[in-house]
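S.K.: Take a look at this one; I'll ask things after.
The values are calculated or read from the model by the stated rules, or taken from the named source; none is laboratory data. This is a predicted model, so every value here is computed, not measured. Ideal geometry is used to build each Cβ from the backbone, glycine not excepted, and the neighbour counts take in all protein chains shown. Just the protein is used for accessible areas: all its heavy atoms, side chains included, with ligands, DNA and RNA removed. Shrake-Rupley method; radii C 1.70, N 1.55, O 1.52, S 1.80 Å.
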Amino acid sequence: MAGKIIAVCSAPEKGMIKHDIGEGVLIEEIGLEGDAHAGFMHRQVSLIAMEDIRTMMEKLPTLVPGSFAENLTTEGFDLAALKIGDRLQVGETLLEVSQIGKECHTKCEVFKQSGECIMPQKGIFTRVIKGGKVKVGDKIDYAKWGR
């Protein structure tokens, strides 16, 4: 069931599309170092599956990892199977699922252009339980002590 990280995305300000920075540091109980959403309560690191981005690319072919303001874009791991409290080993870090989906109070650029957004249903939010470096190519899987 292990998948991999195909993008590590960050933006210096909220409301901006995040860009793939290749690697970053996840700080315990804070989030991705340098990212505008770091330190935001229980939604410290967000994940979305490339498989779901590809589905949206049928409507909006210009989408790339980071278009949904996610921090980690995954591939080959079933994010939809996650439940609140599940723990994930991502590279040398440990994440705990804290929220699934979110209400969008203001419609993002993807919604404005395509009429829909996958983050409210498909986005996974986590807390950083154990910090460390995360980079493109790192494995993502259930933590041995976590499910």
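S.K.: In the list Glu29, Glu33, Glu70, Glu13, which residue meets the criterion of being closer than 18 Å to Lys122 by Cβ and among the acidic types (Asp, Glu)? First the steps, then the outcome.
M.R.: Details: Glu29 fails: closer than 18 Å to Lys122 by Cβ; Glu33 fails: closer than 18 Å to Lys122 by Cβ; Glu13 fails: closer than 18 Å to Lys122 by Cβ.
Exactly one residue qualifies, and that residue is Glu70.
S.K.: Oh, and also: Consider Ala11 carefully, then state whether it is more than 20 Å from Ala80 (Cβ to Cβ) and open to solvent by 30 Å² or more (accessible area, probe 1.4 Å).
M.R.: On the way: more than 20 Å from Ala80 (Cβ to Cβ): yes; open to solvent by 30 Å² or more (accessible area, probe 1.4 Å): no.
No, not satisfied.
S.K.: Taking Ile5, is it in contact (Cβ under 8 Å) with a residue 24 or more places away in the chain, assigned to a strand (DSSP E or B) and of a type outside the set (Phe, Trp, Tyr)?
M.R.: Working: in contact (Cβ under 8 Å) with a residue 24 or more places away in the chain: yes; assigned to a strand (DSSP E or B): yes; of a type outside the set (Phe, Trp, Tyr): yes.
For Ile5, the condition - in contact (Cβ under 8 Å) with a residue 24 or more places away in the chain, assigned to a strand (DSSP E or B) and of a type outside the set (Phe, Trp, Tyr) - is met.
Each row is one residue, and each column tells you yes or no for (1) more than 14 Å from the chain's Cα centre (by Cα); (2) over 15 Å from Thr73 (Cα atoms); (3) open to solvent by 10 Å² or more (accessible area, probe 1.4 Å); (4) at pLDDT 90 or above.
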| site | (1), (2), (3), (4) |
| --- | --- |
| Ala7 | no, no, no, yes |
| Gly15 | yes, yes, yes, no |
| Gly22 | no, no, yes, yes |
| Leu26 | no, no, no, yes |
| Ile30 | yes, yes, yes, yes |
| Gln44 | no, no, no, yes |
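S.K.: Okay, moving on. When the stretch 46-69 is examined, which residues are found to be assigned to a loop (DSSP other than H, G, I, E, B) and either touching a Leu at 6+ places or on another chain (Cβ under 9 Å) or open to solvent by 30 Å² or more (accessible area, probe 1.4 Å) (or both)?
M.R.: Looking only at the stretch 46-69, we keep the residues that are assigned to a loop (DSSP other than H, G, I, E, B), and these are 58-69.
Hits for the stretch 46-69 are Glu58, Lys59, Pro61, Thr62, Val64, Pro65, Ser67, Ala69.
S.K.: Among the residues of the stretch 98-142, count how many are among the small types (Gly, Ala, Ser), open to solvent by less than 40 Å² (accessible area, probe 1.4 Å) and at pLDDT below 95.
M.R.: Quick first cut of the stretch 98-142, residues among the small types (Gly, Ala, Ser) only: 98, 101, 114-115, 123, 131-132, 137.
Narrowing the set further to residues that are open to solvent by less than 40 Å² (accessible area, probe 1.4 Å) leaves 98, 101, 114, 123, 131-132.
Narrowing further to those that are at pLDDT below 95: 101, 114, 123.
The total comes to 3.
S.K.: Please specify each residue of the stretch 1-19 satisfying the condition of being closer than 12 Å to Val134 by Cα and either of a type outside the set (A, V, I, L, M, F, W, C) or in contact with a Cys (Cβ under 9 Å, 6 or more places away or on another chain) (or both).
M.R.: The initial filter retains those residues of the stretch 1-19 that are closer than 12 Å to Val134 by Cα, namely 4-9.
Scanning the stretch 1-19 gives a single hit, Lys4.
S.K.: Which residues, counting only those in the stretch 76-97, are free of Cβ contacts under 8 Å to residues at least 40 places away in the same chain and either open to solvent by 50 Å² or more (accessible area, probe 1.4 Å) or touching a Phe, Trp or Tyr at 6+ places or on another chain (Cβ under 9 Å) (or both)?
M.R.: Those that are free of Cβ contacts under 8 Å to residues at least 40 places away in the same chain and either open to solvent by 50 Å² or more (accessible area, probe 1.4 Å) or touching a Phe, Trp or Tyr at 6+ places or on another chain (Cβ under 9 Å) (or both): Lys83, Ile84, Val97.
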